[in-house]
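Presented below is the structure to which this report refers.
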Amino acid sequence: MQHGKYRFIVGFLAAPLGLYALFVVWPFIQSIYYSFTDWTGLSPEFKMVGFDNYKRMFHDDIFWKSLQHSLLFALVLPLVTLSLALFFAFMINVGGRRRRGGPVVSGVRGSSFYKIVYFFPQVLSIAIVSLLFAFAYNPDSGAINSLLRGIGLDNVQPLWLGDPSLALWCVMAVLVWSTVGFFVVLFSAGMASIPAELYEAALLDGASRSTTFFRITLPLLWDTVQSGWVYMGILALGAESFAVVQIMTTGPGGPDYSTTVMVLYVYQKAFRDGQAAYATTIGVALLVVTLAFAAIVMRLGRRERLEY
């Protein structure tokens with residue numbers, strides 16, 4: 001049975017590994033190479049400039065602003081999104097009261113309906129979500145300020161996306177709203193696989209809901225939470241944050257660079273300013289930040305695996 005085993009494995013892995021190397025690894029290598037040139041992205045001609053782009057990046061105030069905003073996204077968004085998703089998933093699957101003649105452990109009434117409601121934003125494109133919230137945040141005719149006026153708060157009319165101190169938080173709120181449903185479904189699937197006998201034993205011993213969550217649910221879901229944390233952090237550093245900032249904010253990235261994130265700055269330098277080499281330099285920095293984020297989360301979240 002061992003005869004030809006390795007050739008069989010290599011035969012199956014060759015095609016996917018080749019595609020991964022061609023479309024993922026090779027573009028990264030090209031980006032690192034072009035970061036040492038003066039390539040504009042519009043001409044096939046370029047020359048090597050050494051570390052000039054990196055020196056420029058370290059003295060670029062907008063880059064440091066975008067890095068600060070991206071790090072804030074990577075720290076705040078996973079924490080808020082996963083906390084809400086864990087709470088909602090726990091209430092949907094375990095948080096209900098015991099009903100006469102029903103199972104000892106169950107979710108709140110209408111839990112199936114809540115799953116659909118929470119997952120609904122995932123059905124919508126992030127571009128559509130961004131447009132809807134851009135209209136809602138409009139200070140003159142938007143739904144939020146109109147609601148405030150309707151309840152008599154005429155003096156409370158924030159500019160929302162036009163206020164440098166609020167714009168970034170408004171963008172983050174949209175990302176939380178649009179992604180929390182996915183993790184609710186993910187964590188619900190994980191909780192459904194936890195044996196009900198564990199919850200029943202805890203309830204018979206007089207454990208409260210918070211105790212069962214922190215002593216049973218969270219430890220047994222930890223691997224899923226850790227993977228979700230990394231995934232949400234990558235979304236916050238990458239395409240999701242770019243789409244929302246690009247569509248919703250003035251500039252985009254404004255006002256006064258208050259919502260500029262690294263991935264948006266890469267796009268602007270490459271396609272707006274014709275500085276592809278400098279854009280790839282910022283892209284390399286973004287790659288380092290993303291890898292460091294994933295490594296730190298995996299290292300800090302490492303714990304003994306629990307089985308049931």
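The values are calculated or read from the model by the stated rules, or taken from the named source; none is laboratory data. If you're wondering where the values come from, they're calculated on a predicted model, not measured in any experiment. Cβ coordinates were reconstructed from backbone atoms using ideal geometry, including for glycine residues, and neighbour counts include every protein chain displayed. Only protein heavy atoms, including side chains, enter the accessible area calculation; ligands, DNA and RNA are left aside. Shrake-Rupley method; radii C 1.70, N 1.55, O 1.52, S 1.80 Å.
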Item to check | Portion, in percent, of the accessible area of the chain that falls on carbon or sulfur, probe 1.4 Å | outcome: 67
Next on the checklist: Order 126-134, 254-262 from most to least packed using the mean count of other Cβ atoms within 10 Å.
Outcome noted: 254-262, 126-134
Checklist outcome for this item: So, over other residues within a Cβ distance under 13 Å of G254, counting Lys, Arg +1 and Asp, Glu -1, the net charge is -1
Next on the checklist: Starting from 0.36 nm per residue, how many nanometres of slack lie between F46 and S208 once their C-alpha separation is accounted for?
Outcome noted: 51.7 nm
Checklist entry - Modelled label-to-label distance, A292 and R56, 7 Å Cα→beta-carbon offset: nm? => result 2.2
Next on the checklist: Once you keep just the Cα pairs under 8 angstrom separated by 6 or more residues, what percentage relative contact order results for region 122-256?
Outcome noted: 35
Item to check | Whole-number accessible area per residue in Å² for region 61-301, which is evaluated in the context of all protein chains at 1.4 Å | outcome: 49
Checklist entry - Arranged from highest to lowest average of other beta-carbon atoms within 10 Å per residue, in what order do the peptides 8-15, 275-282 appear? => result 275-282, 8-15
Next on the checklist: For a test of the definition: using alpha carbon positions, the gyration tensor, and the 1.5 limit on a/c, classify region 243-308 as rounded, prolate or oblate.
Outcome noted: prolate
Checklist outcome for this item: With P164 itself left out, Lys, Arg at +1 and Asp, Glu at -1 over residues whose Cβ is under 14 Å from its Cβ give -1
Checklist entry - Can you give me the relative contact order of the chain as a percent, contacts being Cα pairs under 8 Å and 6 or more apart? => result 28
Checklist entry - What nm distance separates the two modelled labels at V76 and S125, each placed 7 Å from Cα along Cα→Cβ? => result 2.8
Item to check | Principal-axis tilt of helix 276-300 within the chain, Cα atoms, nearest 10 degrees | outcome: 30
Checklist entry - Scanning the chain for GluC sites (Glu not before Pro) in DSSP loops with at most 10 other Cβ atoms within 10 Å, what's the longest stretch left with none? => result 46-303
Checklist outcome for this item: Between the Cα axis of helix 126-136 and the main Cα principal axis of the chain, the angle (0 to 90°, nearest 10) is 80
Next on the checklist: Need one value: the accessible area of W39 in square angstrom, 1.4 angstrom probe, rounded to the nearest 10.
Outcome noted: 70
Item to check | Computed FRET value (nearest 0.05) for A192 with I116, which takes r as the C-beta separation and R₀ as 22 Å | outcome: 0.85
Checklist outcome for this item: Rounded to one decimal in nm, the spacing of the 7 Å Cα→Cβ label points at Q68 and F12 is 5.1
Checklist outcome for this item: Applying the gyration tensor rule to the Cα atoms of the chain (axes a ≥ b ≥ c; rounded if a/c under 1.5, else prolate if a/b exceeds b/c, else oblate), the class is oblate
Checklist outcome for this item: Other residues with Cβ under 14 Å from the Cβ of G50 give, with Lys and Arg +1 and Asp and Glu -1, a net charge of +1
Checklist outcome for this item: Over the chain, the sum of -39500 (n - 2.57) across DSSP H runs of at least four, divided by residue number and rounded to 500 deg cm²/dmol, gives at 222 nm -20000 deg cm²/dmol
Checklist entry - Lysine pairs in the chain with alpha-carbon atoms under 20 Å apart, 8 or more places apart or on different chains: how many are there? => result 5
